[in-house]
Each structure stands twice: as structure tokens, then as C-alpha cells.
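Please read the structure below before turning to the comments.
The values are calculated or read from the model by the stated rules, or taken from the named source; none is laboratory data. Source: prediction; values computed, not measured. Virtual Cβ from ideal backbone geometry, glycine too; neighbours counted across all protein chains shown. Surface accessibility is based on the protein's heavy atoms, side chains included, excluding ligands, DNA and RNA. Shrake-Rupley method; radii C 1.70, N 1.55, O 1.52, S 1.80 Å.
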Amino acid sequence: MITKDGRFAYEAAGDPGATPLIFLHGIGGAARAWRQQLSTFGNRYRAIAWDMPGYGGSAPLPSVSIAALAEALQQFIEQLGATKPILVGHSIGGMIVQKWLVQSPKLARAVVLAQTSPAFGKADGDWQKSFIAARLGPLDRGETMKSLAPSLVKELVGDDPDPRGMELARECMGSVPEASYRAMMLALIGFDQRSTLKDISVPTLLLSGSKDNNAPAPMMAKTATYIPAAEYVELHGVGHLANLERPDAFDQALGSFVDSIAAKRIVAP
């Protein structure tokens with residue numbers, strides 16, 4: 001599906017009048033990475049997964065930054081007419097949600113920060129150079145996203161990942177436009193929302209994987225202590241792609257949180 005303005009492609013399931021549950025994928029993902037979740041949650045929510053700008057059928061941004069992506073998220077929500085959505089942001093999707101919460105602190109009913117971080121690297125210096133070289137060097141040397149996808153996905157996952165999930169992960173990673181992958185990697189550098197964690201005023205679930213090297217569980221557990229209304233759940237043996245590695249465990253953790261939120265009546269202020 002495409003939004004009315006033609007800018008955003010997305011997949012959706014469920015009753016358009018139900019509580020919106022919006023899924024935001026990571027750098028190697030796509031809307032279709034969330035298909036099991038759309039199936040699981042479409043029976044009681046309006047489950048929606050976007051293609052991030054520059055991915056799938058979504059138009060790229062003129063200039064990519066986490067702030068610009070957060071603004072795009074706000075426009076996507078407005079295009080959908082989604083009132084009081086619950087947002088589920090994975091990896092860079094979780095960073096976009098954190099940035100969006102600063103500009104729209106009261107618009108969400110709740111948020112899920114899945115395998116993400118409140119800060120990433122430094123805006124300058126040797127760390128940045130080595131990060132960029134490791135991530136983009138192979139592309140500079142003539143590799144393609146399709147050729148890199150199997151090794152990139154393998155590095156991300158934990159113990160005994162679901163084979164169908166891994167096939168989908170490789171397919172999504174291999175389909176990411178190289179220009180978008182490069183732009184998103186650069187957008188990560190220097191991201192830092194640590195000072196705004198204390199201002200997150202909506203119910204928040206932090207979901208980690210014990211084998212995640214990109215968003216390590218101890219860091220996520222610590223992050224949860226800075227957010228006033230936060231719950232923390234760690235999935236044992238899971239790497240960075242929880243919803244594809246262990247879809248049932250991911251859905252169970254997510255479901256118990258969102259269903260508890262949905263069970264509470266919205267009380268007008």
C-alpha cells in the first residue's frame with residue numbers, strides 16, 4: 001500500500017478502526033520483515049509496517065538524518081490518520097522513535113524500543129573512521145548488498161535462528177538500495193538522545209537479545225533505568241534480529257506489553 005501523498009509504502013493488517021500498532025524496521029530491513037507480526041497482531045490491532053524512506057516503495061529523503069527520519073515518521077502517521085499509535089522501533093527504527101518522542105511527546109499511546117540504543121558513536125575521530133571502513137569498505141571494493149547479505153545477517157544473529165526468518169532477513173538485506181544503506185549508516189554516527197530519556201512520558205518496553213552485539217543487553221537494561229515508565233525484557237540466546245530469529249518469543253514479549261496497554265482505557269487528561 002502507498003500513502004495518499006505517494007511518499008510511503010507500507011504493509012498493513014487488521015481493522016482500520018483498531019488501535020494502530022506501527023512497526024519500524026532497521027537498516028537491513030523492510031516492511032516485509034514484519035509479516036509474521038502483522039499476522040499475529042492484525043487480529044486485534046491495526047498492524048502497520050512502513051518501508052523506511054529510501055527502502056522498498058518509499059521515496060528517499062533529500063538529506064538523511066535521524067531528525068529527518070523522525071519528521072518523516074510524523075508525516076507517515078498523519079497520512080495514515082493514526083490516532084494514539086503504539087510504535088515498535090527496531091534498531092535504527094528505535095532511534096527514530098526516540099527522536100520523534102522529543103517533538104511529539106504525547107502522541108503515542110506507548111512505545112517499544114527493540115534492540116536499539118540511545119547513543120551511537122562519536123561524530124568525529126578514529127571510531128567513526130573504523131566504523132565506516134568496516135561497514136562500507138566492502139561496498140567500496142565492489143561488493144553488492146546482495147553479495148554481502150549472507151555474511152551481514154550471519155554476524156547479526158544469535159543461537160539457533162529460525163531458518164525461514166533467516167531467509168527473509170537475507171532477502172531484505174540484499175534488497176536494500178546501496179545508496180540508502182550508506183546514507184543510513186552515516187546517519188547513525190553521533191546520534192545521542194541520552195539526555196532526553198528522562199522525558200519519555202509514555203509506557204515504554206525495552207526489548208533486548210542476550211546475544212545482540214549491536215545493542216548489547218546490559219546497555220539496554222541500563223537505558224531502561226533512565227526512562228520513567230519503562231519495562232525491560234531480555235530474550236535469551238537471541239541476536240540483533242529477534243522478530244526474525246525467534247518470532248514466537250518476540251511476539252509473546254511484545255504481545256504481553258501491548259495487550260496490557262490496550263486493556264487500560266485511555267483517560268482524558
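Taking 0.890 mPa s as the viscosity and 25 °C as the temperature, the Stokes-Einstein diffusion coefficient of the stretch 45-152 based on its alpha-carbon Kirkwood radius rounds to 155 µm²/s.
The string of couplings for the stretch 25-31 from the Karplus curve (6.51, -1.76, 1.60, θ = phi - 60°) is 7, x, 4, x, x, 5, 3 Hz, one whole number per residue in order, with x for Gly and Pro. Close amide-amide hydrogen proximity is noted between Leu205 and Val111, Val112, Leu113, Glu231, each under 5 Å apart and 5 or more residues distant or on a separate chain (H modeled in the peptide plane; Pro and chain starts excluded). Cα centroid separation, the stretch 234-266 to the stretch 1-80: 18 Å. In the chain, the longest principal axis of the Cα atoms and the axis of helix 178-188 are about 70 degrees apart. List the aspartates and glutamates whose alpha-carbon lies under 17 Å from that of Lys222, not counting same-chain residues fewer than 8 positions away? Filter leaves Asp192, Asp199, Asp212, Glu231, Glu234. Of the accessible area of the stretch 1-154, computed with a 1.4 Å probe over protein heavy atoms only, carbon and sulfur atoms account for 53 percent. Rounded to the nearest Hz, the phi-derived 3J(HN,Hα) couplings of the stretch 204-211 under the Karplus curve 6.51 cos²θ - 1.76 cosθ + 1.60 (θ = phi - 60°) are 9, 10, 9, 10, 10, x, 5, 10, where x marks glycine and proline.
Axis of helix 126-140 versus longest Cα principal axis of the chain: the two differ by about 80°, to the nearest ten degrees. For the residues Met145, Met1, a 1.4 Å probe over the protein chains yields an accessible-area ranking, largest first, of Met1, Met145. Looking at this model, which pairs from Lys122/Lys198; Lys4/Lys106; Lys84/Lys264; Lys154/Lys211; Lys99/Lys146; Lys99/Lys122 are more than 20 angstrom apart at the alpha-carbon? Exceeds cut-off: Lys122/Lys198; Lys4/Lys106; Lys99/Lys146.
Each principal axis of the chain carries a Cα extent, and these read 56, 38, 38 Å when sorted largest first. Based on Cα atoms of the stretch 109-170, Rg over Rh with Rh as the Kirkwood radius reads 1.06. In order along the stretch 155-171, the phi-based Karplus estimate (6.51 cos²θ - 1.76 cosθ + 1.60, θ = phi - 60°) of 3J(HN,Hα) comes to 5, 8, 9, x, 7, 6, x, 4, x, 5, x, 5, 4, 5, 4, 5, 5 Hz; Gly and Pro are listed as x. With q set to 0.08, 0.10, 0.20 Å⁻¹, the log10 of I(q)/I(0) for the stretch 115-262, from the Debye formula over equal scatterers at the Cα positions, is -0.26, -0.41, -1.32.
Of the trypsin sites (Lys or Arg not before Pro) in the stretch 94-124, the ones in a loop by DSSP (not H, G, I, E or B) with at most 10 other beta carbons within 10 Å are Lys106.
Expressed as a fraction of 2.2 N^0.38 Å, the C-alpha radius of gyration for the stretch 181-226 is 1.34. Averaged per residue, the chain has 44 square angstrom of accessible surface, using a 1.4 angstrom probe with ligands and nucleic acids left out.
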